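Every read-out reported here was derived from the displayed coordinates using simple, explicitly stated rules and does not represent laboratory data. Computed from a prediction, not measured in an experiment: that's the story for all the values here. Note: ideal-geometry Cβ built from the backbone for every residue, glycine included; neighbour counts use all protein chains shown.
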Amino acid sequence: MKQLEQFLAWGGVRKDVVCLVLSGLALLVSLLDRLPLPFDAAWIAIVLCGVPIILEAVHGLVTAFDIKADVLVSLALVASVAIGETFAAGEVAFIMQLGGLLEELTVARARAGIEKLVRLTPCTARVLRDGQEVVLPAEQVRVGETVRVLPGETVPADGVVTAGRTSIDQAVMTGESLPVDKGPGDEVSSGAVNQFGSFDMEVTRAGEDSAIQRMIRLVQSADAGKAKIVGLADRWATWIVVIALTAAALTWLISGQLIRAVTILVVFCPCSLVLATPTAIMAAIGNASRHGFLVREGDALERLASVAQAAFDKTGTLTCGTPQVVAVCPLDPAVSREELAAWTAAAEGRSEHPLGKAIVRCCGEPALPVSDFQMLPGRGVRAVVSGREILAGNPVLLEARGVSAEDLARAAAAWVDRGCTITYVAVDGVPAGFLALSDTLRPEAAATVAAIGETGVTPVLLTGDHRQAACTIARQLAISEVRAQCRPEDKLQYIREVQEKGRLVAMVGDGVNDAPALKTARVGIAMGGVGSDIAVDAADIVLVGGDLRELPHLLRLSRRMMKTIRWNLSFSMLLNFVAIVLAMTGILNPVVGALVHNAGSVFVMIHSAFLLTWKPRNP
């Protein structure tokens with residue numbers, strides 16, 4: 001079905017292109033008058049391009065009394081044909097159909113994120129009933145039941161862990177780059193992925209009330225509240241029609257010449273007004289594509305020009321999204337930094353935990369002999385390295401093995417305050433030190449945020465990470481407003497509240513949990529290089545290469561585009577009113593009037609074309 005709809009949409013565009021080509025050739029033949037045809041070739045343009053406009057105008061008037069620009073165009077077409085000025089009628093029809101095609105191409109939509117979100121929803125659940133494990137469809141799980149989740153499985157409902165320890169990847173809901181250890185009493189959300197140990201949980205919310213289902217509904221409903229921009233010619237159509245008819249009627253009554261009245265209707269056709277916006281938008285989209293942006297919504301740049309805030313997700317957007325070892329801190333004077341790093345990397349060499357892999361990646365592949373390796377889900381690892389017992393993990397692991405972690409915890413407090421995740425290390429039952437891991441900033445993040453601030457747009461940080469990690473990143477980027485531990489609905493609610501106060505927001509994110517906020521914001525910008533498909537599908541604009549340095553250019557480009565549109569509109573209106581005066585005095589006839597106001601359309605397109613290569617003088 002989806003492929004059929006795309007084919008039909010492309011078929012409609014292709015049909016319009018064929019009609020425009022045939023109409024253009026017909027007008028050329030009519031102008032040169034070299035072929036011995038039994039009729040004026042301009043009739044081909046009238047039939048192919050003009051008749052659809054007339055039918056659309058009649059349909060709008062009859063069904064909803066909706067007066068749009070095509071009403072005035074229809075009047076001009078009919079009047080021109082009535083007095084025998086078929087070439088003028090064909091010209092007007094051709095230009096209006098060209099504007100309609102550009103508008104159609106510009107506002108084309110392509111969204112498919114909901115299906116991918118739905119696929120994240122687990123299909124089955126392991127429910128414990130009467131001591132037996134029963135596999136049921138996830139939608140049949142009830143609140144209060146006990147569910148068992150095995151390694152690699154997706155959590156089927158929201159609940160509280162009652163037995164077992166594990167590490168949970170909950171990036172789908174919070175965007176956190178690091179897995180979170182869970183034990184009895186900890187909450188887990190549906191959609192999160194269990195990575196290592198199995199655990200039992202008591203269901204607190206299931207079915208339509210679960211976190212993943214709520215997020216799906218948020219994404220489905222968020223777009224409904226986003227304002228759609230109406231073409232200016234259609235917005236002013238009622239006044240244009242009234243003024244044109246009044247001017248034509250008065251001219252006919254005063255001069256007694258019907259041709260002058262028809263000329264007024266022809267020159268008053270809003271061809272250049274119709275072209276003013278889509279030509280500028282398409283040229284700006286071409287410029288944006290050269291800088292690595294895929295503009296998926298035709299009016300996205302128009303909306304971007306009005307934003308006052310830029311809300312950034314942290315993980316994967318402003319940061320690299322992968323944990324790095326930022327400090328190796330021995331506590332035992334007899335242990336060097338190099339020894340502590342080598343022992344820990346060797347112990348973690350067989351670990352599947354993302355933190356263990358990060359340690360190996362940053363500290364080097366294990367070069368020491370390892371034996372008796374044990375993976376302890378939700379705690380860490382134990383291994384014998386070069387004949388010495390190494391424990392690497394959280395304080396729970398050390399305490400369970402009779403090793404006090406108090407001194408290590410005090411020494412690591414400063415790193416915890418900076419938002420780091422700590423791996424504590426004991427050697428032969430003695431606290432040896434710790435490794436601090438953290439997500440690191442993208443190299444271009446600070447300069448990008450500063451440049452965005454210089455455009456007058458206020459940067460804001462919205463993240464699902466803990467407050468310490470969020471504040472550390474915000475300080476490094478000089479971002480004053482921070483919202484931490486945000487669930488998807490929290491980000492969405494923040495954006496709604498800000499926009500209700502009149503400050504429009506552009507949301508920049510990369511994760512599934514950012515999809516509702518991307519949809520709700522005035523403009524959603526997704527990181528295409530590292531972002532999830534669902535975030536990309538929810539966004540209006542995609543930064544394909546993921547280079548943040550291009551964002552300030554996009555903001556400036558959107559404002560330049562709006563300036564170009566305003567100049568186009570002002571010129572179009574001035575040209576139309578001058579042509580009306582000339583038509584009233586009889587200086588212009590319908591054919592010349594059509595040529596004059598179509599020359600205005602050509603000027604608008606040339607002026608818009610300068611946006612293709614525009615770049616700010618002092619970026």
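Using only side-chain charges placed at the Cβ, +1 for Lys and Arg and -1 for Asp and Glu, the dipole size of the range 320-440 relative to its Cα centre rounds to 200 debye.
As a proxy for reagent exposure, ranking Leu55, Leu136 by other Cβ atoms within 10 Å from fewest up yields Leu55, Leu136.
By how many nm would the segment from Glu481 to Thr585 grow when fully extended, if each residue of separation counts as 0.36 nm and the alpha-carbon distance is taken off?
Working: separation 104, 0.36 × 104 = 37.44 nm, distance 6.22 nm.
Result: 31.2 nm gained on full extension.
Charge dipole (Cα centre; +1 on Lys/Arg Cβ, -1 on Asp/Glu Cβ; no other charges) of the range 416-469 amounts to roughly 80 debye. Computed from point charges on the beta carbon alone (+1 for Lys and Arg, -1 for Asp and Glu), the dipole magnitude for the range 394-535 about its Cα centre is near 400 Debye.
From the mean inverse distance of alpha carbon pairs (Kirkwood) and the Cα radius of gyration, derive Rg over Rh for the range 15-54. Numbers along the way, then the final one.
On the way: Rg = 10.1 Å, Rh = 10.2 Å.
Rg divided by Rh gives 0.99.
For the residue pairs Lys15/Lys563; Lys357/Lys519; Lys357/Lys491; Lys314/Lys357; Lys15/Lys519; Lys501/Lys563, the alpha carbons lie more than 28 Å apart in Lys15/Lys563; Lys357/Lys519; Lys357/Lys491; Lys15/Lys519.
Footprinting exposure proxy ranking of Ile264, Ile495, Ile168, fewest other C-beta atoms within 10 angstrom first, gives Ile168, Ile495, Ile264.
Counting Lys and Arg as +1 and Asp and Glu as -1 over every other residue whose Cβ lies under 15 Å from the Cβ of Trp43, the net charge comes to -4.
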